[in-house]
1. Can you work out the PRE-style zone for residue B:20? Point 7 Å along Cα to Cβ, and I want the residues of the range A:226-248 with backbone N under 18 Å.
2. What base-10 log of the normalised intensity I(q)/I(0) is obtained for the range A:293-422 from the Debye formula, alpha carbons as equal point scatterers, at q = 0.12, 0.15, 0.17, 0.18 Å⁻¹?
3. Please report the net charge: other residues with Cβ closer than 15 Å to the Cβ of residue A:427, K and R +1, D and E -1.
4. Which whole-Hz couplings ³J(HN,Hα) result when phi for each residue of the range A:491-504 is put into the Karplus expression 6.51 cos²θ - 1.76 cosθ + 1.60, θ = phi - 60°, listed in order with x for Gly and Pro?
5. Just list whichever of B:82/B:157; A:195/A:318; A:28/B:54; A:260/B:53; A:28/B:157; A:9/B:157 have alpha carbons separated by over 24 Å in the model shown.
6. For the charge dipole of chain B, defined by +1 on Lys and Arg C-beta atoms and -1 on Asp and Glu C-beta atoms about the Cα centroid, which residue among B:43, B:62, B:115 has the Cα displaced farthest towards the positive pole?
7. Would you look at the GNM of chain B, springs on alpha carbons closer than 10 Å, and say which of B:55, B:90, B:19 moves the most?
8. For chain B, what does -39500 (n - 2.57) per DSSP helix run (n ≥ 4), summed and divided by total residues, give at 222 nm, in deg cm²/dmol to the nearest 500?
Amino acid sequence: MMPTSEIQKEFRELLGALREGTLNERPKARLDLLLGQYPSLQDEYIDYVLLWHALCCYQPLSREEQSSVTRKMVERWPGEHDFWHLIEENPSDVKGKGRDPSDVKAIEREAQRRLDRFLAEQEEIRKQQQAEPRQRSCLDLAEMAVHARRGFESVCRLAARAAVLTTLVLAVLIAVWYARTGPVVASLADSMDAKWDVDMTPQAALHKGEFRLRQGYARIAFKRGADVLIEAPAEFRLQSAQRMILYSGRLLAEVAPSAKGFRVDTSQASIVDLGTQFGVKAGPTQASDLHLFMGRASLTPRAAGAAAGQILTEGQAKRVDATGRVRDIQFNKTAFVRRFFPKSGFTWRGQPIDLADVGGGGNGFGTGQLNRWLEIGTGLDGTGYIVNGQTTQQYQTTDNRYHHVNHLPYVDGVFSPDGSAGPVQVSSRNHLWRDCPKTAGTYFEDVFNGDYIRAGGKRHGLVLKGQAFGTREHPAITLHSNAGITFDLDAMRRDMPGLEIIEFKALCGISEHARTHLDSTETGTADFWVLVDGNKRFEALGIDVNSQPQEISVPLGGREQFVTLVSTDGDGRPNYDWSFFAEPRLEVRAIQTKRPLSIGQ
Amino acid sequence: MSHSSNDPSPHGDEFMRLYLTHEHKIRGYILCLVSNWADADDIQQQAAVVMWKKYATFSSQQHFLHWALRIAHYEIMNYLQKKRNRLPSYSPSVLEALEAKAVKAVQEEDRRREALQTCVARLRPRDQELLRLRYETGATIQAVAATVERSVDAIYKALNRIHYQLLQCIRSRLVEQENRL
């Protein structure tokens, strides 16, 4: 049954009175009646009370505020201030120090002494109130009794509150002492741009306790062998050498075989490693997400009455909400930071190194510019042959020299190849391409990482099988024949020490838009090459506009210095060779960290 | 994690953390059933003592909030039983219905508070000021009326209107978030 608008209006009036404390017995009975008759009003009532509660009561205390409140509660008891100092020392002084057991006894004795004194004071107040003569008034006797009883109850409530608070304070103080001097369970192995709530030094030994990472990244090495990479903002607790609690934030755990059974708890779930690498995202009341990168892990909801735990395998991801419900979610390979590099200042989330981004001056992870030219003839930034708003593009004759690129961190150099004069230099360390074919000895366009190729004063898209390339989502490097570009793998490895480059992958072809531009006499045919330290590792010959895109996959073993991409004219003429490499990338994987089991100071 | 000892003090830090994390939800739940601040405070303190004493029996397989709300529930019932001659409370069927809804509602308390922040920000500055006077300063409705030089009745009606505006806004935001999840 739905309430009428009159009923609703009356209901809201009653809630207003409730809020202002003016709801007497009869209106309260009316409220009770309406709540009983109209279930929809029950929801409204709950929402209203919680709103009222949120507005007027609770200011969640930060840890500092809690500490401050606790201090005030102790400080209001007269006595030595060193009582507090005995407990609440500077955390950096406490960590790693032994605690004299006699201090514990001193704390307990002092706390008990203060409790006893407070309760005695309250008893004194109560006795005094009882001894005071009652004033007679016009109030009737029953009401006087009610007032007296309320007064007594009020004092008892005060004493009870004080007792509860004192007990809790005592428990906190003892627990703080206990937690601060607990065993070392892990160490801070590394960090980048990290800001903590407490002072933290590199390689600091970490005791059991709570931590808050406000900014940056940190890698924590547990004593039993688990490595956890935490991304700020995050709050967590180190529970033991094999267990932690993530209150909020994201972490990636890599668990060595010796640490199998490593456990991460959130508000919603418990995750136990079964030999794996996994990522966890959590919030205090939001759902918890688990992504399994490698191996297996068990996931158990924590809510009472929730479903039983389940095992996840590589490539699976699940979400657990506050009620314990578990559902599948999309596995996201790049959802977690998996490595960070303090020297170079960037992070890796599992994505490949994008060579188009590198060509734009980036680190391969999206920091480069799009639509950037590299002049083949000089190795400098080009203008795309646009001078004073006019195009000056025309065929250039190759000087057959290798031009070192100094201003882009991972681009070694560029060149225009012609094998008619012998082997062609393809790196700054004089790697030679001995089988470079003869070409027309000219080139038309500089190396470009944007989404078009120009011809006839117009821009034409880079398209293969209907898919456009040259964007952030689908990057590309245009190498109109005859052109080549070399990438420096050693430089990348230096800046990303935890990553291993394992493969070069790409598509290559001639843009389909060339079809509309070609006349019947033109063919537009190009050859594509991938060289590693000057050695041919891939070739696709005689590719024209009608050819299928060629898939390139070149495995790399970890010692190669350079990868070179080249396009040459397949028919002795570079005309309409709108050739490009689509999504050129270096696949990488994390090098597993190896370290001894015990972490010592 | 089960505790083998009856003495909860070695786990005091853990209990405090859990309790403080959920304290506002526990109080919200109690308030939904007794609708009186002073009584809610009393019940919460008694419930806290019971939780503290019984923490040794709390298993990590349980959810702390659910466990705490059950204890709070019993304390509410005890309290109402003791005070029934003095304190008018809701009828048993209403209490039962409210109890189930309150348990569910307080679990999304943090989302409600986030939604509240957004919804307060959307209020007109004058309405925000009224809320601030009433709640942040703790002033009575009479004092607020005196401060803004309006009648008590006008302030009372304005606060009613603002509360309902916030209520509708919060409900919309919660529904939006549900649909997004």
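No value in this document is a laboratory result; all are computed from the given coordinates. These numbers were taken from a predicted model, which means no experiment stands behind them. Counting neighbours? That spans all protein chains shown, and the Cβs are built from the backbone with ideal geometry, glycine included.
1. Of the residues in the range A:226-248, A:234-239, A:245-248 have backbone N under 18 Å from the label point off residue B:20.
2. -0.70, -0.87, -0.99, -1.05
3. Numbers: positive: A:401, A:429, A:434, A:536, A:537, A:559; negative: A:412, A:488, A:490, A:533, A:560.
Combined, the nearby Lys, Arg, Asp and Glu give +1.
4. Each residue of the range A:491-504 in turn: 5, 5, 5, 4, 8, 10, x, x, 10, 10, 8, 10, 6, 9 Hz.
5. On the way: B:82/B:157 36 Å; A:195/A:318 30 Å; A:28/B:54 35 Å; A:260/B:53 35 Å; A:28/B:157 20 Å; A:9/B:157 12 Å.
The pairs that break the limit, which is 24 Å between Cα atoms, are B:82/B:157; A:195/A:318; A:28/B:54; A:260/B:53.
6. B:115
7. B:90
8. Values: 8 runs with 134 residues, N = 181.
Value at 222 nm, helices only, nearest 500: -25000 deg cm²/dmol.
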